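First up is the structure itself, then whatever we jot down about it.
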Amino acid sequence: MKILWVKSDFLHPTDRGGQIRTLEMLKCLHARHEIHYVAFEDGKNPEGLERSAEYCSRAYPVAHSVPPHRSVKFLGQLLQGLVSQIPVAVERYTSGRMKRQIEVLLQQQNFDSLVCDFLFPAPNIPDVSRSLLFQHNVESTIWRRHFEQANSLVKKRYFRLQSRRMYAFERSICRRAGHIVAVSEADRETMHRLFGVERITSINTGVDVQYFTPPCAAEAKENPVFADLIFTGSMDWLPNIDAAKFFAAEILPHIRKERPNCRIVIAGRRPTSAIRDLAKRDSGIL
């Protein structure tokens, strides 16, 4: 097969869960199929484009700047989010250049499949009905939780607005997409319930069990950072922060009733102060 794969970023350095899932899927597909990969180029990170041959036959970098959080441009996007019908989280990745690049590729070449990886590149797909939507989350659920857990009136009102817009946008894209791949059976059922969509297949994220084989007892004893459990994810992402805090407070105590010396490593990029505080309060959290 000849597949056109569209994503908002390249996959190296692989420091986010979405990148890990996509990378392992594409490595397997690339072994048998021709993959053409379209993504935004990060000029500050040449590794992304340089290593793209590991998972695709040809890469098409598109120039696009995504303002970092806590920047003036991002503040402007937040203000624009008060009036735009497209959620801010999606608007940040909307690009006329990417849309034109995809249109040219579709005109010049014959692809057997078009994959929209994540919800965010969807506005750049000329005809979403021709695409397979590769979902990593149910974004509407995440934004509803942001609204429910907001700790100030201003945040609560803004997140409520964005939650409503994300629901409307995600529902529209899911109902128009040719097919949807969900990350789990739970997500498949949620999208079916929320959006009334039938064309959904769940494909779980796999694990390389050979690479992640636990060390033997002797190796573990020699390694000062050996842990019984590893919690991995982007530690600057609110859902992962909440999950790590919940695990430490509600689940780890039950595990330690059976294994009192259980140690856990929380591994992920840019851990927030809330995550670092977990390690300060518990010597068994690294």
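For a quick check of your reading of the model, give me the residue pairs whose first member lies in the range 248-267 and is touching a residue at least 12 places away in the same chain (Cβ under 8 Å) and under 23 Å from TRP237 (Cα atoms), whose second is in a helix (DSSP H, G or I) and open to solvent by 70 Å² or more (accessible area, probe 1.4 Å), with beta-carbon atoms closer than 8 Å and at least 6 apart or on different chains.
Matching pairs, first to second residue: none at all.
In the set LEU133, LEU119, LEU78, LEU105, which member is touching a Cys at 6+ places or on another chain (Cβ under 8 Å) and touching a residue at least 12 places away in the same chain (Cβ under 8 Å)? Spell out how you get there, then give the answer.
Values: LEU119 fails: touching a Cys at 6+ places or on another chain (Cβ under 8 Å); LEU78 fails: touching a Cys at 6+ places or on another chain (Cβ under 8 Å); LEU105 fails: touching a Cys at 6+ places or on another chain (Cβ under 8 Å).
Unique residue meeting the criteria: LEU133.
Looking only at the range 32-54, decide whether some residue is touching a Ser or Thr at 6+ places or on another chain (Cβ under 6 Å) and part of a loop (DSSP other than H, G, I, E, B).
no
Test each condition in (1) touching an Asp or Glu at 6+ places or on another chain (Cβ under 7 Å); (2) part of a loop (DSSP other than H, G, I, E, B); (3) of a type outside the set (A, V, I, L, M, F, W, C); (4) surrounded by 21 or more Cβ atoms within 10 Å (Cβ to Cβ) for SER8 and report the one that comes out false.
(1)
Mind telling me which of the residues ASP242, ASP236 ends up being in a helix (DSSP H, G or I), open to solvent by 50 Å² or more (accessible area, probe 1.4 Å) and modelled with pLDDT under 90?
ASP242
Find the residue count for the range 67-113, including only residues that are hydroxyl-bearing (Ser, Thr, Tyr), part of a loop (DSSP other than H, G, I, E, B) and open to solvent by less than 40 Å² (accessible area, probe 1.4 Å).
3
Are any residues in the range 256-286 hydrophobic (A, V, I, L, M, F, W, C) and open to solvent by less than 50 Å² (accessible area, probe 1.4 Å), and if so, which ones? Walk me through it before giving the result.
From the range 256-286, those hydrophobic (A, V, I, L, M, F, W, C) are 262, 264-267, 274-275, 278-279, 285-286; that's our starting set.
Within the range 256-286, CYS262, ILE264, VAL265, ILE266, ALA267, ALA274, ILE275, LEU278, ALA279, ILE285 qualify.
Of VAL88, VAL115, which residue is in contact with a helix residue (DSSP H, G or I) (Cβ under 6 Å, 6 or more places away or on another chain) and aliphatic (A, V, I, L, M)?
Values: VAL115 fails: in contact with a helix residue (DSSP H, G or I) (Cβ under 6 Å, 6 or more places away or on another chain).
Of the residues listed, the single one that is in contact with a helix residue (DSSP H, G or I) (Cβ under 6 Å, 6 or more places away or on another chain) and aliphatic (A, V, I, L, M) is VAL88.
Which numbered condition in (1) in contact with an Asp or Glu (Cβ under 7 Å, 6 or more places away or on another chain); (2) touching a residue at least 40 places away in the same chain (Cβ under 8 Å); (3) over 27 Å from THR205 (Cα atoms) is the only one that PRO61 fails?
(3)
The values are calculated or read from the model by the stated rules, or taken from the named source; none is laboratory data. Just so it is clear, the model here is predicted, and its values are computed rather than measured. Note that each Cβ is placed from the backbone with ideal geometry, even for glycine, and that neighbours are counted across all protein chains shown. Heads up: the accessible areas ignore ligands, DNA and RNA and are worked out on the full protein's heavy atoms, side chains in. Shrake-Rupley method; radii C 1.70, N 1.55, O 1.52, S 1.80 Å.
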